[in-house]
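The values are calculated or read from the model by the stated rules, or taken from the named source; none is laboratory data. Nothing here was measured: the structure is a model prediction, and the numbers come from that model. Note that each Cβ is placed from the backbone with ideal geometry, even for glycine, and that neighbours are counted across all protein chains shown.
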Amino acid sequence: MLLFCAKCGTRLTLEGRDVCHVMACQTCPYVFRVTRSIVNRKYPKLKEVDEVLSDSAVWQTVDSTDEKCPKCEHTRAYFMQLQTRSADEPMTTFYRCCSCGHRWKE
């Protein structure tokens, strides 16, 4: 945790490396006496992520192609392409078996 000088606003530094009991300003004579443990934790709030491929309604509007399922070896699979990386990378193709529903990507 950063503490700042009450007089000039400069960041306070630790005085003494063995046992830290004071924090002092480097530009003025201000000294802050540490009387208890100073702990401040802030955890960032994670943004909510939409699961694009888990919704079954997404797969109802896609086309199918001749692709062999690695699980049941059925010869038809639904597919969709999404840009998952930067624009100079190729699109990722996601497949879902028409028979067993197994999903994989290329």
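Please work out if residue 6 is of a type in the set (Gly, Ala, Ser), surrounded by 13 or more Cβ atoms within 10 Å (Cβ to Cβ) and modelled with pLDDT of 85 or more.
No, not satisfied.
Kindly provide the set of residues from the range 23-37 that are in contact with a strand residue (DSSP E or B) (Cβ under 9 Å, 6 or more places away or on another chain) and at pLDDT below 85, ordered by number.
33, 34
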